[in-house]
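The values are calculated or read from the model by the stated rules, or taken from the named source; none is laboratory data. None of the values given here were measured: they were computed from a predicted structure. When we count neighbours, we look across all protein chains shown, and the Cβ atoms used for this are built from the backbone with ideal geometry, even at glycine. When the accessible area is computed, the model is the full protein with side chains, heavy atoms only, and any ligands, DNA or RNA have been set aside. Shrake-Rupley method; radii C 1.70, N 1.55, O 1.52, S 1.80 Å.
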Amino acid sequence: MNYQELRRYIRDLQQSGFDVVRLRVQLEKKFAFPIITLVMAVLAIPFSLSSGRRGAITGIAVAVGIALVYWTVAGLFEAMGNISQLPPVLAAWSPDLIFALLGGYLILKVPT
């Protein structure tokens, strides 16, 4: 479903009295998930500036590790949103925000 179809479907189900928390999390993720490409680019800057003696394989391993950690964190926040422990907006956007802040912190920490 695209964004408009999902939003309409959620509205119809909500009017019928169904629990739509999971669907609202998925609706918010439709915007939040594509933004991770920009966040990962910001997060990659410090690693590209400090490659030094480390080889390409180390950089690839770090990138795969960061991606796995992101995937785990995103799944955790999505699960928390699905059981109403977090609002859907926070559940969808928190991983992006956490990794963007981490990238910004690392950029500031890299010696020039």
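Surface composition of the stretch 12-104: carbon and sulfur atoms hold 71% of the protein heavy-atom accessible area at a 1.4 Å probe.
Can you figure out the FRET efficiency of Ser16 with Val64, using R₀ = 41 Å and their beta-carbon distance, to the nearest 0.05? Before the final figure, lay out the partial values.
Details: r = 44 Å, r/R0 = 1.06.
Calculated value: 0.40.
Ellipticity at 222 nm from helices only: DSSP H runs of n ≥ 4 in the chain, each -39500 (n - 2.57), divided by the residue count, give -28500 deg cm²/dmol.
What length, rounded to one decimal in nm, is gained on full extension from Ile98 through to Ile45, with 0.36 nm per residue of separation minus their alpha-carbon distance? Spell out each step's value before the answer.
Numbers: separation 53, 0.36 × 53 = 19.08 nm, distance 1.60 nm.
Extra length available between Ile98 and Ile45 comes to 17.5 nm.
Over the stretch 28-112, what is the relative contact order in whole percent, taking alpha-carbon pairs under 8 Å and six or more residues apart?
Working: 63 pairs, mean separation 43.0, N = 85.
Averaging sequence separation for qualifying contacts and normalising by length gives 51 percent for the stretch 28-112.
For the chain, a Gaussian network of Cα nodes joined below 10 Å ranks Arg11, Arg54, Arg24 by mean-square fluctuation, and the top entry is Arg54. The HN-Hα couplings worked out from phi for the stretch 5-20 by the Karplus form 6.51 cos²θ - 1.76 cosθ + 1.60 (θ = phi - 60°) are 5, 5, 4, 5, 4, 4, 4, 5, 5, 5, 5, 7, x, 7, 7, 10 Hz, whole numbers, x standing for Gly and Pro. Largest GNM mean-square fluctuation among Gly17, Gly59, Gly81, using the chain with Cα springs under 10 Å: Gly17. For the chain, the spread of Cα positions along the three principal axes, ordered from largest to smallest, is 61, 25, 21 Å. Among Ile83, Ile57, Ile36, the largest mean-square fluctuation in a Gaussian network model of the chain, built with springs joining Cα atoms closer than 10 Å, belongs to Ile57. A 1.4 Å probe run over the protein chains yields, for the chain, 69 Å² of accessible area per residue, whole-number rounding.
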